[in-house]
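S.K.: Below is one structure. I have some questions about it.
Bear in mind these aren't lab numbers, they're just calculated from the coordinates by the rules spelled out. Values in this document were obtained by computation on a predicted structure and should not be read as measured data. Heads up, the Cβs are rebuilt from the backbone with ideal geometry, glycines too, and the neighbour counts pull from every protein chain shown.
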Amino acid sequence: MDRYDAIIVGAGLAGLSCAYHLSEKGKKVLVLEAHSYPGGRTSSFIDNGMQVESGLHRHIGYYSALPKLLKKCGVNLKDIVFWEEKADILIKDENKKLVLGLAPLLGFTKTLRGILGNNDVLSVKDKLSLLPFFICGFTSYIFSTRLDNYSVTQYANRHRVTDKSKRLILEPLSSGIFFMPPENYSAYAFFGLFAPGIPKFYKMRIGAYLGGMTDVVCMPIVNKIKSLGSDFRFNEEVENVLVKNGSVCGVKTKNDNEYYAPQTVIATTISSAKHILSAFKNDGRLQKLFLLPSMSSCTIQLELDSPALKKDITTFAPGTDMVSFAEQSRSTFRQCNGRLSIILGNAKSYANKSSEEILTVVLEQMNRLGIHLDGHILNYRKISEENEFYSLDCNNQSLRPHQKTEIDGLTLAGDYTLTSSFATMEGAVKSGKKAAKECLREL
Ligand SMILES: Cc1cc2nc3c(=O)[nH]c(=O)nc-3n(C[C@H](O)[C@H](O)[C@H](O)COP(=O)(O)OP(=O)(O)OC[C@H]3O[C@@H](n4cnc5c(N)ncnc54)[C@H](O)[C@@H]3O)c2cc1C
């Protein structure tokens, strides 16, 4: 029965990274994926005739594990990424915007203009109030995880950041990225996301992908893994792990198939991992996994008859429920005349609303930003999945489980497991590589 050295559950970036690193070392793996396509939260697919994505994705210039993996799979980042050097922060009801430079070296003038300019919306006092916040935050991040006890708002209050800077700078940079309000968002996760950009300031910029994530990122990795002799089964949802003499020896799927291997890697979302491993719920050995809380995301994606925005750049809208969005008709969805992907805050409440209800809110809030979409919408979809992220609330960093477990035959992977990154594509790839290392030690 042990035709495979390892079974990997989940073909998201964590599972793909793990499968690649094992296959590269000559191990034969079987990847089981619930959906009909790879990528998970980094995917693109057709939803009832409309091309959609799991959500708006940006590549941060300092990422290294993801570009390395892509390169090994024959993909050069410069062929699939379009670089942005700035982001827009639109100010509700004021018909004004703040332009944030994001590339200290590669877009030096834009960055400088962002700091010295924007004076019609942020005063010198507002800007200076951010200095102690950032200096102390980055310093504290380097030396300890104590920052995880504070939310972004609590830390900003401690350092007397002005209300305007909190609203126009800190809100976009927290909830605009991980759809959680700054009142809850861990200051550790906040600084941790940007900290790797300091030593790699010369690489810092933000990239939009030139195509659907499954097509440009995930399929090349799948093809490489197959060429190394490993296998994939799609539409194969795993129900539970199989346990023999206390060791995990394989998995059982909803289609009633059983697969056996000396190593099983659960590389699903956190909520699926809890379900698949529910037999171990009261077993202290997976205590961190079961204690780590989760959060949801929700996006609405609009196909339009013309571009909604002049440029395809990341746009934030503090004070609205549209925490970040981007026009994508010249980047990710070039087949469309106009295309918006919008990430919503308050994801839990939106996850229960219909696409029509969400669209009504979005149209009203877009109007208040000076973006008038009435009569331009050709198609729209709500894309959401509940509890697929680990919660970036305060005090959760210490609960992220290690990839290695104390249960024989079982390894974890996924962006929620412990890496030096957070819930990002980079974190997922790193976790898969770490999981592969653990498996190789056992095989
Ligand atoms: C809206 C949104 C925007 C984002 N923006 C960015 C961004 O700009 N930059 C960035 O770096 N990251 C971004 N991310 C985060 C990034 O997409 C994730 O961190 C990464 O994709 C997580 O990869 P993963 O492999 O850990 O998990 P997933 O991608 O969730 O993979 C898990 C896989 O397991 C499968 N699965 C689940 N249960 C089962 C089961 N029972 N049996 C078999 N298979 C199963 C799932 O179908 C899925 O394919 C964003 C995510 C979302 C949702």
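S.K.: Between rounded, prolate and oblate, where does segment 232-378 land on the alpha carbon gyration tensor, with a ≥ b ≥ c its root eigenvalues, rounded for a/c under 1.5, else prolate if a/b exceeds b/c? Provide the component values of the computation, followed by the final result.
M.R.: Working: a/c = 3.35, a/b = 2.33, b/c = 1.44.
Judged from the Cα gyration tensor, segment 232-378 comes out prolate (a/c at least 1.5, a/b above b/c).
S.K.: Using unit Cβ charges (K, R positive; D, E negative) and no other charged atoms, how large, in debye to the nearest 20, is the dipole of the chain about its Cα centre? Please list the in-between numbers first.
M.R.: On the way: 54 positive and 45 negative charges, 330 e Å.
The dipole of the chain has a size of about 1580 debye.
S.K.: Now for a different question. Rounded to the nearest whole Å³, what is the per residue volume of the convex hull around the Cα atoms of segment 127-286? Please list the in-between numbers first.
M.R.: Details: hull volume 32.1 nm³, N = 160.
For segment 127-286, the hull spanned by Cα atoms encloses 201 Å³ per residue.
S.K.: In terms of the Cα gyration tensor, with a ≥ b ≥ c the square roots of its eigenvalues, is segment 103-200 rounded because a/c is under 1.5, prolate because a/b exceeds b/c, or oblate? List each step's numbers first, then the result.
M.R.: On the way: a/c = 1.68, a/b = 1.26, b/c = 1.34.
Cα axes put segment 103-200 in the oblate bin.
S.K.: Taking 0.36 nm per residue of sequence separation and subtracting the Cα-Cα distance, how much length would be gained by fully extending the chain between Asn223 and Ser278, in nm to one decimal? Please report the intermediate quantities before stating the final value.
M.R.: Numbers: separation 55, 0.36 × 55 = 19.80 nm, distance 3.24 nm.
So the chain would gain 16.6 nm between Asn223 and Ser278.
S.K.: Using label points projected 7 Å from each Cα along Cα→Cβ, tell me how many nm separate Asp231 and Arg285, to one decimal.
M.R.: 2.7 nm
S.K.: Find how much the distance from Asn367 to Tyr202 grows on full extension, using 0.36 nm per residue of separation minus their present alpha carbon separation; answer in nm with one decimal. Numbers along the way, then the final one.
M.R.: Values: separation 165, 0.36 × 165 = 59.40 nm, distance 3.75 nm.
Extending this stretch completely gives an extra 55.6 nm.
S.K.: Another question, if that's okay. Restricting to lysines 8 or more places apart or on different chains, can you count the pairs in segment 103-200 with Cα atoms under 14 Å from each other?
M.R.: 4
S.K.: Let me see the pair-distance distribution of segment 148-194: every alpha carbon pair, 5 Å bin width, integer percents in order.
M.R.: Percent of pairs per bin, in order: 5, 27, 37, 25, 6.
S.K.: A further question on this structure: What residue among Ile276, Tyr62, Leu392 has its Cα farthest toward the positive end of the dipole of the chain, where the charges are +1 on Lys, Arg and -1 on Asp, Glu, each on the Cβ?
M.R.: So the residue furthest toward the plus end is Tyr62.
S.K.: In debye to the nearest 20, how big a dipole does segment 294-390 give about its Cα centre with +1 on each Lys and Arg Cβ and -1 on each Asp and Glu Cβ?
M.R.: Numbers: 10 positive and 12 negative charges, 62 e Å.
I would put it at about 300 debye.
S.K.: Run through segment 150-218 and list the trypsin sites (Lys or Arg not before Pro) located in a DSSP loop whose Cβ has at most 12 other Cβ atoms within 10 Å.
M.R.: Values: sites: Arg158, Arg160, Lys164, Lys166, Arg167, Lys200, Lys203, Arg205; in loops: Arg160, Lys200, Arg205.
Listed in order of number, the matching sites are Arg160.
S.K.: Obtain the nm distance between the two label points defined at Leu128 and Asp374 by a simple spin-label model: each point lies 7 Å from its Cα along the Cα-to-C-beta direction.
M.R.: In this crude label model, Leu128 to Asp374 measures out at 4.6 nm.
S.K.: Compute the Rg/Rh shape ratio of segment 294-390: radius of gyration over Kirkwood radius, all on alpha-carbon atoms. Mind dumping the intermediate values first?
M.R.: Values: Rg = 12.8 Å, Rh = 13.5 Å.
Reported Rg/Rh, Kirkwood definition of Rh: 0.95.
S.K.: How do Ile342, Ile80 line up, fewest other C-beta atoms within 10 Å first?
M.R.: Lowest count first: Ile80, Ile342.
S.K.: Filter the GluC sites (Glu not before Pro) in segment 351-443 to those in DSSP coil with at most 15 other Cβ atoms within 10 Å of their Cβ, and list the result. Kindly include the intermediate steps, with their values, before the conclusion.
M.R.: Values: sites: Glu356, Glu357, Glu364, Glu385, Glu386, Glu388, Glu406, Glu426, Glu438, Glu442; in loops: Glu406.
Those satisfying the criteria are Glu406.
S.K.: Quick one: if you take sqrt(5λ) for each eigenvalue of the C-alpha gyration tensor of the chain, what semi-axes come out, biggest first, whole angstrom? Please report the intermediate quantities before stating the final value.
M.R.: Details: eigenvalues 270, 122, 82 Å².
Over the Cα atoms of the chain, the semi-axes work out to 37, 25, 20 Å.
S.K.: Now for a different question. Would you mind counting up the charge near Gly370? Only other residues with Cβ under 11 Å from its Cβ, with Lys and Arg at +1 and Asp and Glu at -1.
M.R.: Details: positive: Lys92, Lys96, Lys97, Arg368; negative: Asp93, Glu94.
Residues close to Gly370 contribute a combined charge of +2.
S.K.: Hey, another quick one. Would you work out the relative contact order for the chain, in percent, from Cα pairs under 8 angstrom that are 6 or more residues apart? Could the numbers behind the result be given before it?
M.R.: On the way: 1013 pairs, mean separation 109.2, N = 443.
In percent, rounded to a whole number, it is 25.
S.K.: Here is a further query. How many nm is it between the label spots at Lys244 and Leu116, if each spot is 7 Å from the Cα in line with the beta carbon?
M.R.: For the pair Lys244/Leu116, the computed spacing is 7.1 nm.
S.K.: Right, next: Once you charge only the Cβ atoms, +1 for Lys and Arg and -1 for Asp and Glu, what is the size of the charge dipole of segment 103-200 about its Cα centre, to the nearest 20 debye?
M.R.: Numbers: 11 positive and 6 negative charges, 51 e Å.
Result for segment 103-200 is approximately 240 debye, rounded to the nearest 20.
S.K.: Quick one: Debye curve from the alpha-carbon atoms of segment 1-87 only, equal weights, vacuum; give me log10 I(q)/I(0) at q = 0.15, 0.22, 0.26 Å⁻¹ to two decimals.
M.R.: -0.72, -1.20, -1.34
S.K.: At 0.36 nm per residue, minus the direct Cα-Cα distance, what do Lys164 and Asn48 gain on full extension? Give it in nm, one decimal, please.
M.R.: Numbers: separation 116, 0.36 × 116 = 41.76 nm, distance 4.24 nm.
Additional length available on full extension: 37.5 nm.
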